[in-house]
Every structure is written in structure tokens, then in C-alpha cells.
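A.B. asks: Before I ask anything, let me first share the structure, which is written out below as C-alpha cells.
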Amino acid sequence: MRTRTDDLHNTKDGFAYTENSGRATIVKYEGQAKDLVIPERIRNLLVSTIGNEAFADKQLTSVSVPDSLMYIGAGAFANNLLTEVFVPQSTTIGKSAFDTNVKITRKKNRM
């Protein structure tokens, strides 16, 4: 996924994202948290996508993603220390998104 740097926005929590049609795509993480909760909204934009390799090699130990998430890109969480990941059943997961991690747990959709 290619991103022009002038289209990139950053949050104080370390999320770098792009905006498209009122939705946010997280393309990079530069924060310090190891037990990470990805927000449902960033600056009132619904977080719908995590870009390729956005959270790779960050030594994350757990991740929870919002129910709004539609897609997790290839290698998005590769090479971390994940033992627990909560992903909605409806989220599409790209190739090797969680490569070299220990255990993946999918959460059920909220009714």
C-alpha cells in the first residue's frame, strides 16, 4: 500500500493514518503501547482498514480491534509477541497478517 506523505495524518497516540470517504486507514504505528487497543474512530473517522505491515515488528503482546474494522492488510501484525488478538468475525484478514505470532483468538460480532 503506497501512501503519499502529504496525505498522512498522525495522532498523539502514535497512529499514522490516511482518510478516504470519511473512513480512516491506519498505515503505521509509532506509539509505545505493547497491549494495544485500536480505536473505533480517529478524529471522528471510522477506522475501517489496517494497512499492510502497519504494526509489524513492534513487540506487541496483545491487540484488540474495533467492530468497525473491515480489513487487516498483509503482514499488518507480523513479527510481534502476540498471545492474544481479538478480531471481529466479519473482518477480512490479509495474507500473513499475524505471521510468527503465537495465538489468535477471534471475538464474536456484537449483536
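A.B. asks: Dipole size in debye (nearest 20) for the chain around its Cα centre, Lys and Arg Cβ +1, Asp and Glu Cβ -1?
C.D. replies: With only Lys, Arg, Asp and Glu charged at Cβ, the dipole is about 280 debye.
A.B. asks: How compact is the range 5-107 by the rule of thumb for globular proteins, expressed as Cα Rg over 2.2 N^0.38 Å?
C.D. replies: 0.97
A.B. asks: Using a Gaussian network model of the chain with C-alpha springs under 10 Å, which one of V85, V37, V63 is most mobile by mean-square fluctuation?
C.D. replies: Among V85, V37, V63, the largest mean-square fluctuation in the Gaussian network model of the chain belongs to V37.
A.B. asks: Additional query: I want to verify a result. In a Gaussian network model of the chain, Cα cutoff 10 Å, which of these has the top mean-square fluctuation: N20, N79, N101?
C.D. replies: Taking springs between Cα atoms under 10 Å, the residue moving most is N20.
A.B. asks: For the chain, with a Gaussian network of springs between Cα atoms less than 10 Å apart, report the residue from D13, D57, D99 with the top mean-square fluctuation.
C.D. replies: Looking only at D13, D57, D99, the biggest GNM fluctuation is shown by D13.
A.B. asks: What are the ³J(HN,Hα) values, in whole Hz, obtained from phi via the Karplus relation 6.51 cos²θ - 1.76 cosθ + 1.60 with θ = phi - 60°, for each residue of the range 55-65 in sequence order, with x given for Gly and Pro?
C.D. replies: Running phi through 6.51 cos²θ - 1.76 cosθ + 1.60 with θ = phi - 60° gives 10, 5, 6, 10, 6, 5, 9, 8, 9, 10, 10 Hz.
A.B. asks: Give the aspartates and glutamates reachable from K12 as a straight Cα distance under 12 Å; neighbours fewer than 8 places away on the same chain don't count.
C.D. replies: Partners within reach: E30.
Here, each number is a calculation from the coordinates, and none is a lab measurement. The structure presented is a predicted model; accordingly, all values stated were derived computationally and were not measured. Note that we place each Cβ from the backbone using ideal geometry, even for glycine, and neighbour counts take in every protein chain shown.
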